[in-house]
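What follows is calculated from the coordinates using simple rules that are stated; it is not laboratory data. Owing to the predicted nature of the structure, the values given are computational and were not obtained by experimental measurement. Ideal geometry is used to build each Cβ from the backbone, glycine not excepted, and the neighbour counts take in all protein chains shown.
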Amino acid sequence: MPDVTILQVVPRLETGGSEQSTIEIAEALTRAGAKALVATEGGRLATALREAGGEIIPLPMASKNPLTILANARHLTRIVEERNVTLLHARSRAPAWSAYLAARRTQRPFVTTYHGAYSGRSRLKTLYNSVMARGDRVIANSRYTARLIESRHPVPPDHLHVIYRGFDTTAFDPDRIEPERVDRLRDAWGIGPGQRVVLQAARLTRWKGHLDTIEAARLLKAQGSLGDAVVVFAGDSQGRDDYLAELEAKIEEAGLGGIVRLVGHCDDIPAAFTLADLAVVASTRAETFGRTSIESQAAGCPVIVTDVGAAGENVVARDGNESFTGWVVRTADAGALAAALAEALSLPRQTLDEIGQRGRRNARTRFALHDMQRATLTVYDELLGTELAASFR
């Protein structure tokens, strides 16, 4: 196979889906015998990128200043020529414009991954967003994202690929979670022996739907369907003190003090989902992927999600399906959420465990990291005529 050098561009290497995917593809390229370059401002994941075999090209890629974008394009053009880069892959809009210009100047293939919804409220913003659909191949991280792209941009169908985010499901395997980790959370959250836990693992921001979950818990308590279950909100307010105070007030007003618990940031989410009996993803705004619903299933924790964005794609819905792994309910509908919670909480623990086992299989078979890596390498092969996917181990 000829020498292959792939240049990915991303604003920074901080935490986030696009950043983690950048590292995972750099690792896959290295294992396939190719070179992996990343133009970025760097960040806390820089060491992880280097450990994966990638090389950082330091540039101010996070800047949205048009002059900086043009300057970055000139720098990337020089890098492409000097390092014999064979393909450029962009994951965010500002660096994508620089990479697009460099790719066209050097006549190299250009790939984009559409990670976000990218709302366009003006013609200028729509033009700015359009770079993410200008790739010779465009990767969507869900079918929902693919539909967004198709509705906004004239992308040829054979240029559009749906590749779900992949992740290491073994990190969430409950058989690999030491009991001490689960016990630590149980003690910290004040969970009694045998007490059922409904976990909403999400930062405290309004569109995550915490208020709907509080109202659903109030309805369940009024109906006598809540039993001894507690609802745990595991997430940081990230400075949204007014929203945190509003949640605390709503909990007290609903008579749910001690039942709905705000426990702050959780640094061991795999153990949290292992402890939980049910997970809730109550988002009211569309997300293009929705990792939390997959993490919960990987941990064997049945999940209830709202029918917005890509969340419903990740779950095998109840809807009369004997092989279901969770429930999909109407968005911003506390009554529908309460009904799903009541059904789930009424099930014997053995039945919930069986649903959880199906969820684990769903996560392993549809969202495995190596599948995402291989599918992305296949896109590169399609443009380059190489055999990276076949060389990937």
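Helix 17-31 and the longest principal axis of the C-alpha atoms of the chain enclose an angle of approximately 60°.
Running a GNM on the chain with Cα contacts under 10 Å, which residue among 212, 158, 307 ends up with the highest mean-square fluctuation? Looking only at 212, 158, 307, the largest GNM fluctuation is found for 158. Name the residue, out of 330, 147, 134, whose mean-square fluctuation peaks in a Gaussian network model built on the chain with Cα pairs under 10 Å. Sorting by GNM fluctuation, first place goes to 147. Rounded to the nearest 20, the Cβ-based charge dipole of the range 320-393 about its Cα centre (Lys and Arg +1, Asp and Glu -1) stands at 220 debye.
Subtracting the Cα-Cα distance of residue 47 and residue 183 from 0.36 nm times their residue separation leaves 45.8 nm of extension gain.
Net charge dipole, the chain: roughly 1440 debye, given to the nearest 20, about the Cα centre with Cβ charges of +1 for Lys and Arg and -1 for Asp and Glu.
Indicate the gyration tensor shape class of the range 169-366 (rounded, prolate or oblate), computed on the Cα atoms with a ≥ b ≥ c the square roots of the eigenvalues: a/c under 1.5 is rounded; otherwise a/b larger than b/c is prolate and the rest oblate. Taking the square roots of the gyration eigenvalues as a ≥ b ≥ c, the range 169-366 is rounded.
Rounded to the nearest whole Hz, the Karplus-based 3J(HN,Hα) values (6.51 cos²θ - 1.76 cosθ + 1.60, θ = phi - 60°) of the range 279-289 follow the sequence 10, 10, 10, 9, 4, 9, 10, 5, 10, 7, 9, with x at glycine and proline. Within the range 363-393, name every residue whose backbone N is under 16 Å away from a label modeled 7 Å from Cα of residue 158 along the Cβ vector. From the range 363-393, the list is 379-385.
Gain on full extension, evaluated as 0.36 nm per residue between residue 125 and residue 228 minus their Cα-Cα distance, stands at 32.1 nm.
As a rough footprinting exposure proxy, the listed residues 198, 316, 9, 308 were ranked by other beta carbons within 10 Å of their own, and the order from fewest upward is 316, 308, 198, 9.
For the range 67-74, 3J(HN,Hα) computed residue by residue from phi via the Karplus equation (6.51, -1.76, 1.60; θ = phi - 60°) reads 5, 5, 4, 5, 5, 4, 4, 5 Hz, glycine and proline entered as x. Here the Karplus curve 6.51 cos²θ - 1.76 cosθ + 1.60, taken at θ = phi - 60°, turns the phi angles of the range 378-393 into couplings of 5, 4, 4, 4, 4, 8, 9, x, 9, 10, 4, 4, 5, 7, 6, 10 Hz, with x standing for Gly and Pro. Ordering 219, 148, 70 from the fewest to the most neighbouring beta carbons within 10 Å gives 70, 219, 148. Residues in the range 208-239 near a label at residue 268, defined as backbone nitrogen under 17 Å from the 7 Å Cα→Cβ point? Output list for this probe position: 234-235.
Among 54, 359, 194, determine the one that fluctuates most according to a GNM of the chain built with springs between C-alpha atoms less than 10 Å apart. Among 54, 359, 194, the largest GNM mean-square fluctuation belongs to 194.
To the nearest ten degrees, helix 349-366 and the longest principal axis of the Cα atoms of the chain are 0 degrees apart. Compared with the dominant Cα axis of the chain, that is its longest principal axis, helix 179-189 is turned about 70°. In this calculation the C-beta distance from residue 150 to residue 393 is compared with R0 = 41 Å, giving a FRET efficiency of 0.75.
Projecting label points 7 angstrom from Cα along Cα→Cβ for residue 195 and residue 252 puts them 2.1 nm apart.
Within the same chain, lysines fewer than 8 places from residue 208 are excluded, and of the rest, those with a Cα less than 23 Å from its Cα are 221, 250. Work out the FRET efficiency for residue 104 and residue 371 from their Cβ-Cβ distance, taking R0 = 41 Å, and round it to the nearest 0.05. Here the calculated transfer efficiency is 0.85. Between the amide H of residue 264 and those of 235, distances stay under 5 Å, these residues lying 5 or more places away or on another chain, with hydrogens modeled in the peptide plane.
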